Amino acid sequence: MVALKIWKIGIGRNSESSYRELKEQFCVSQGWREFGDLSFVYHNNEDISSRIKVLNPQENRAYNAFEALMSKINPGDIVLAFEGNELKGITQMPVDNNSPVEPDGFKNSGFVYFYNESVNEYRQSLFPVKWVDWQDFRSEFSDDASLDVQGGQGVAGIVACGGGDTLAPIKELILKNWDKFKAKHKNIVEFSHDDPSDQKILAKLNALRETLSERRLTSYKRYQAMVKQHFSDISILEQECLEQECLELLKANYNLILSGSPGTGKTYLAKQLANKINYEREKISPKEYLIEAILNSINTEEEKQWKINRKLSTDAFFNKFSIENLKSLTLEQYCIGRGNKENFCWWIERGTSCLGG
């Protein structure tokens, strides 16, 4: 049994993406065309996920899939293509024992990374591969049609088929029979320098290899520009949040002390705050502003709390000493007691002190 690593790729089913598109373009591909050419991260030892997060911080599901595409799929690996739960195709990543030793890829790699702008959706590509329709392969070794519709991807992207994967029967069929199928149908599984159709594909592969360094530099410059723009956007947002926080503090406390080392933007921040405050004041007349200021000063949290305490004390007093019972108070109820809120005099002196006296 041949030790092959098997991957599965989930393909969206719409007018812009399909297994047929991948087969006609001779590639294993990802979507996310908005990332642009990522040549500079192909087999880069740095963290690919962290680079991609800069380009699109919201697209969480893309990171692991791109790491698989960019650094983990090896020559000789098997890739299965699913549309939903339907297994559509199988391919083996090409091995080229005569390929040049390049900084971009694995040793003996018969493919390269290619950002394919000529297609609508699946632009992030490994090129070239020959896709074989799954039913053509399966029907030669098994009559079990249920193998065509199980273990689907569920989420778009490329993932490895693990040991406990639901694809176990499919993997077993592949591992037992792929080499036999390849030996029998070599022309539909591998590229040949003698086949005129394959010669065009291999010529494109060589051209891509020759321009790889140039493509890497271009895509890295684009990445740097996007990083710069992201940090600029973040800086603007942080400044806006800081200004808003300072304005809220000024409204609550009427003064604010800005502290920090020289050159950290204290003067600039003070000017920005002054401009915003003046702008707000100019939107209403001086008379309206004065009335608003007076009302705001009266309607403080302290005033609200005082009203709450006043009501609580009043309610407690009248619950203890209702008007109709005042004439019938005993001496003990009036002033002796035990000094523990049981007598009338304690309530007049202490219990209702918050009402003023």
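Structure summary
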item: Pairs where the first residue, in the stretch 299-312, is within 17 Å of residue 251 (Cα to Cα) and the second is at pLDDT 70 or above and part of a helix (DSSP H, G or I), C-beta under 7 Å, 6+ apart; result: none
item: Considering residues of the stretch 314-333 that are touching a Phe, Trp or Tyr at 6+ places or on another chain (Cβ under 9 Å) and assigned to a helix (DSSP H, G or I) only, the residue surrounded by the fewest Cβ atoms within 10 Å (Cβ to Cβ); result: 326
item: Residue check, residue 200 in contact with a helix residue (DSSP H, G or I) (Cβ under 9 Å, 6 or more places away or on another chain) and modelled with pLDDT of 75 or more; result: no
item: Criterion violated by residue 134 - all others in (1) surrounded by 17 or more Cβ atoms within 10 Å (Cβ to Cβ); (2) at pLDDT below 75 satisfied; result: (2)
item: Check on residue 92, in contact with a helix residue (DSSP H, G or I) (Cβ under 7 Å, 6 or more places away or on another chain) and at pLDDT 90 or above; result: yes
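Okay, residues lined up against (1) on the phi > 0 side of the Ramachandran plot; (2) surrounded by 10 or more Cβ atoms within 10 Å (Cβ to Cβ); (3) modelled with pLDDT of 75 or more:
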residue: 247; (1), (2), (3): no, yes, yes
residue: 254; (1), (2), (3): yes, no, no
residue: 257; (1), (2), (3): no, no, yes
residue: 263; (1), (2), (3): yes, no, no
residue: 266; (1), (2), (3): no, yes, yes
residue: 270; (1), (2), (3): no, yes, yes
residue: 280; (1), (2), (3): no, yes, no
residue: 283; (1), (2), (3): no, no, no
residue: 286; (1), (2), (3): no, no, no
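The values are calculated or read from the model by the stated rules, or taken from the named source; none is laboratory data. A quick note: this is a predicted structure, and the numbers were derived from the prediction, not measured. Every residue, glycine as well, gets a Cβ built from its backbone with ideal geometry; the counts of neighbours run over all protein chains shown.
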